[in-house]
């Protein structure tokens, strides 16, 4: 295998496409959003990306067959403009691998005529978030202004430490190729899968690109996570009560 292999699955003629990247990250926010987009708008796989920089494993399908780990580009008809949506279960495992993968992804994007990139992800808050805001970063001031006008927040020094992995490199390396880029990051606790944050990010992209998508599935998953969160809070409250009871029983003399 070469450092990056690109398999052609199908051809597609895309109209003014946006690249939308949703590989795994904090809270799986970007992954959930991208997968939901592909599912609801009937995305068609057009390219598969293989690299030894992914973990050394295969996935096992429902019928028992195996498939080598990869990422997939999907052509999505979103109405006014088309989308090229990238999904996958893994990021690269090394610094060099991130660069190799990002360059290969941008090669595919240029092949389809992409001039603007959206990387989707999460930004950790360290605590549970009821109504997640969407933070942004973009390669040009004009792009920042466009996103601010639809409710994206740009906060000084956030996210702390910058944007790592493919999401960051698509912006940085894409800018060197003349491709505008932005990262949309939904607030999330950082320790739970977060469908609500995924929906918040997708709603911003929906408004920007002018498509419509049903959120029923994400909302159902968010309700399931709310039940999990409720149980976690009950356990935390019980633990706090137990600590207080132990303190009351201590002998002071």
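The values are calculated or read from the model by the stated rules, or taken from the named source; none is laboratory data. Values in this document were obtained by computation on a predicted structure and should not be read as measured data. Neighbour counts run over all protein chains shown; Cβ positions are idealised from the backbone, glycine included.
Overview of values
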| quantity | calculated |
| --- | --- |
| Yes/no for residue 97 being over 27 Å from residue 147 (Cβ atoms), crowded, with 18+ Cβ neighbours inside 10 Å and modelled with pLDDT of 95 or more | yes |
| Candidates 151, 253, 162 - the one that is modelled with pLDDT under 95, touching a helix residue (DSSP H, G or I) at 6+ places or on another chain (Cβ under 7 Å) and surrounded by fewer than 19 Cβ atoms within 10 Å (Cβ to Cβ) | 162 |
| Residue within region 151-163 that is in contact with a strand residue (DSSP E or B) (Cβ under 6 Å, 6 or more places away or on another chain), part of a helix (DSSP H, G or I) and in contact (Cβ under 8 Å) with a residue 40 or more places away in the chain present | no |
| From the options 169, 184, 218, 173, residue that is in contact with a helix residue (DSSP H, G or I) (Cβ under 8 Å, 6 or more places away or on another chain), assigned to a helix (DSSP H, G or I) and closer than 27 Å to residue 79 by Cα | 218 |
| Which listed residue, of 46, 8, 29, is in contact (Cβ under 8 Å) with a residue 12 or more places away in the chain and surrounded by fewer than 19 Cβ atoms within 10 Å (Cβ to Cβ) | 8 |
| Hey, residue 114 part of a loop (DSSP other than H, G, I, E, B), touching a strand residue (DSSP E or B) at 6+ places or on another chain (Cβ under 7 Å) and within 18 Å of residue 168 (Cβ to Cβ) or not | yes |
| Cβ-Cβ under 6 Å pairs, at least 6 apart or on other chains, region 187-198 side touching a residue at least 60 places away in the same chain (Cβ under 8 Å) and at positive phi, far side part of a helix (DSSP H, G or I) and surrounded by 18 or more Cβ atoms within 10 Å (Cβ to Cβ) | 190/26 |
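Condition check ((1) crowded, with 19+ Cβ neighbours inside 10 Å; (2) touching a helix residue (DSSP H, G or I) at 6+ places or on another chain (Cβ under 7 Å)) across all residues:
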residue	(1), (2)
34	yes, no
38	yes, no
63	no, no
71	yes, no
78	yes, yes
85	yes, yes
102	yes, yes
